[in-house]
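Read the figures in this text as sums done on the coordinates, not as results from a lab. Being a predicted model, the structure only gives us computed values, none of them experimental. Note that each Cβ is placed from the backbone with ideal geometry, even for glycine, and that neighbours are counted across all protein chains shown.
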Amino acid sequence: MAPSHDFSSPAPTDLRAPCPGLNALANHSYISHDGANITFLQLLEATKFVYNLSTPLALLLTMAGFATCGKFGWSTFFNSSGVVQWPISWTLNLADLAQRGSTKIAHDASFVHASGVESHAADPALVKSLLLVAEAQGGMTLESFARVHAERIRELGHGLGWLHEQVAAGEGAVAWLVMHNPQTGVVEPEKVKIWFGEEKLPKGWWDGVRPTRVIGLLQAKQTANEFEAVVKGIFVRQDGNCHQTTATRVRLDVFRLPGRSGTQARIQSIQLA
């Protein structure tokens, strides 16, 4: 029987990655729900099908995960039934994508995952702060995502290495491309809550919410460059440290508006003295 693609929360023993997109694939059983021993082709086909990515883009993203965190297995040319089989396997456990290191793809200053630790679930406080920004602005533009990432770097106190900068820019670009409303250019707060926080596909995904046009590699690269340009416009890198520009800095303020109830968030550009 084919697996149902309704959302199902992960069991305590299921493996998850520091990536809402991959975790949503597992939670909807487009890849193994337990997050273990996922094959290269399984992940490639799932990302293409569910998020409408082009083959080159899906291939690049899948290769990045497998090249840094995949594992090879070896067996005999015959299985237990005596049938010929390919003896080499290349699989991935979602949890392995949380491994830390300069050659791994898990990075600090994530949108919703804690820095400095192997993270397998979204941090509620970071989800809340991202959602506050989305609600205050009526949705997240690409620039909004870049500014939140810059704020995460400011809180971290140091810059990211080159590889992790590229990964972070790529993640921000793909997240926006996959989730934004093409009519408004924003990712609605409800999508932020569901995809980043609950790791589900948004309501109506297969009824017009999913991208209708294939997202290509060149488009993703151009969008990542725009994301990175916003971040670099806020911060400059020098000797591996993050310094504020002389013109402005970006701060995420959680504040209570005079005469109104409820906490809101805003991104405020503050002139330095």
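From the phi angles alone, apply the Karplus equation (6.51, -1.76, 1.60; θ = phi - 60°) to segment 160-172 and give each ³J(HN,Hα) in whole Hz, x where the residue is Gly or Pro.
Once θ is set to phi - 60°, the couplings for segment 160-172 become 9, x, 4, 4, 5, 4, 5, 5, 4, 5, x, 4, x Hz.
In what sequence do Met140, Met179 fall when counting other Cβ within 10 Å, fewest first? Before the final figure, lay out the partial values.
Numbers: Met140 29, Met179 25.
So the ranking, lowest neighbour count to highest, is Met179, Met140.
Cross-link list Lys128/Lys200; Lys203/Lys232; Lys71/Lys104; Lys71/Lys200; Lys104/Lys221: which exceed 23 angstrom alpha carbon to alpha carbon?
Correct reply: Lys203/Lys232; Lys71/Lys200.
Cα-based Rg (one decimal) and Dmax (whole number) for segment 1-155, in Å?
Over segment 1-155's Cα set, Rg and Dmax evaluate to 17.8, 62 Å.
Counting other C-beta atoms within 10 Å, which of Thr91, Thr212, Thr62 has the fewest, and how do the rest follow?
Thr212, Thr91, Thr62
Going Cα to Cα from Lys193, which aspartates and glutamates come in below 16 Å? Please leave out same-chain ones fewer than 8 positions away.
Asp123, Glu135
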